[in-house]
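The numbers here are math on the coordinates, done by the rules we state, and not lab data. No experiment lies behind these values; they were computed from the predicted model shown. With ideal geometry, Cβ positions are generated from the backbone for all residues, glycine too; neighbour counts draw on all protein chains shown.
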Amino acid sequence: MKTRILIAAAALLAASPAARADQRAYVWTYQYQTMERGQAELEHYFTVSSPDLQNLEGNTASEQQLELEIGMTDRFDFSLYQVFGQNPSESLKYKGYKLRSRYRFGERGGWFVDPLVYLEYKGKPDFSEHVLETKLILARDFGPLNLAVNPVLEVEKDGAEEWEFVPMYAAGASYAVSRLMRLGVEAKGSEDSHYLGPVIAHGYDDLWVALGSALAVGGVEEGATEFQVRFILGFGVGPNR
């Protein structure tokens, strides 16, 4: 299954003309931007995580996400994710899907802090699990320096269990050292755990990559992730204007 998915994704990339993409400076944090109207992008997320940084062999899980993102209007975009995961010593399995939308309230720099609303639904085909995630994306550029903060509220329901409210956050600072390269640092977490790590992004418009890591700061709950690495590849697949 994994091979067929990757071959299909590669064929789509090869057959599509270049377009302006939703270039990311971070892997956990969102900055102030949406996909341009009439444009589209394919993104591939690859994340590895482990509950024990000192014992990675045979103790590391991976997750792959394929995202198709479309600019619906000048300020609103919509995305569909397909999510696959692989636990240690197990085969790759389909984990579910995500539906995501973003709306920004103006042009970059029009506000003291640029605001964007993010809404995402995570589900499974049998409707056994429901997760609604909301984010307020606040960001500001100071020349080559970007600062972004994402307060997050996640609402979860698994089977017959009650709805659970989980506040979280992500934040980042990124500096453009050149037209193609950005270096930065990110933090993310919740009331149970906090993470910090470097991020590097490379590329421009139609093709870009971002690589970041998250190392637990302080203690984490038993069995929770202690270390993560995420790689994102983005490729514009929509028509040129």
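Computed values, structure above
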read-out	value
Lysine pairs in segment 2-236 with Cα atoms under 17 Å, if 8 or more residues apart or on separate chains	15
Computed lengthening from ASP158 to ASP52, 0.36 nm per intervening residue step minus Cα-Cα distance	35.5 nm
Rounded to the nearest 20 debye, dipole of segment 2-236 from Cβ charges on Lys, Arg, Asp, Glu	940
Phi-based couplings in Hz for segment 132-142 (Karplus 6.51, -1.76, 1.60; Gly and Pro marked x)	10, 10, 10, 9, 10, 9, 10, 8, 7, 9, 10
Given charges at beta-carbon only (K, R positive; D, E negative), |dipole| of segment 138-200 in Debye	760
Label-point separation in nm, TYR121 to THR134, each point 7 Å along Cα→Cβ	1.5
For log10 I(q)/I(0) by the Debye sum over Cα atoms at q = 0.15, 0.18 Å⁻¹, calculated from these coordinates, the label among (1) -1.19, -1.74; (2) -1.05, -1.36; (3) -1.05, -1.56	(1)
Interchain or long-range residues, amide H under 5 Å from TRP208's placed H	GLY234
Rounded to the nearest 20 debye, dipole of segment 63-116 from Cβ charges on Lys, Arg, Asp, Glu	140
Sparse-neighbour loop sites [trypsin sites (Lys or Arg not before Pro); segment 121-184; at most 15 other C-beta within 10 Å; DSSP]	ARG179
Per-residue [θ]222 nm for the chain (sum of -39500 (n - 2.57) over DSSP H runs n ≥ 4, rounded to 500)	-2000 deg cm²/dmol
Hz values of 3J(HN,Hα) by residue in segment 46-54 - Karplus curve (6.51, -1.76, 1.60), Gly and Pro given as x	10, 10, 10, 8, 8, x, 9, 5, 7
Loop GluC sites (Glu not before Pro), segment 134-172 (other Cβ atoms within 10 Å of the site Cβ: 14 or fewer; DSSP)	GLU161, GLU162
Sites ARG75 and GLU221, calculated FRET efficiency, Cβ-Cβ separation with R0 45 Å, nearest 0.05	0.70
Förster radius 35 Å - calculated FRET efficiency between GLN82 and ASN59 (Cβ-Cβ, nearest 0.05)	0.85
Distance between modelled label sites at TYR175 and SER190, nm, 7 Å Cα→Cβ extension	3.3
Neighbour net charge for THR225 - beta-carbon separation under 14 angstrom, K R +1, D E -1	-4
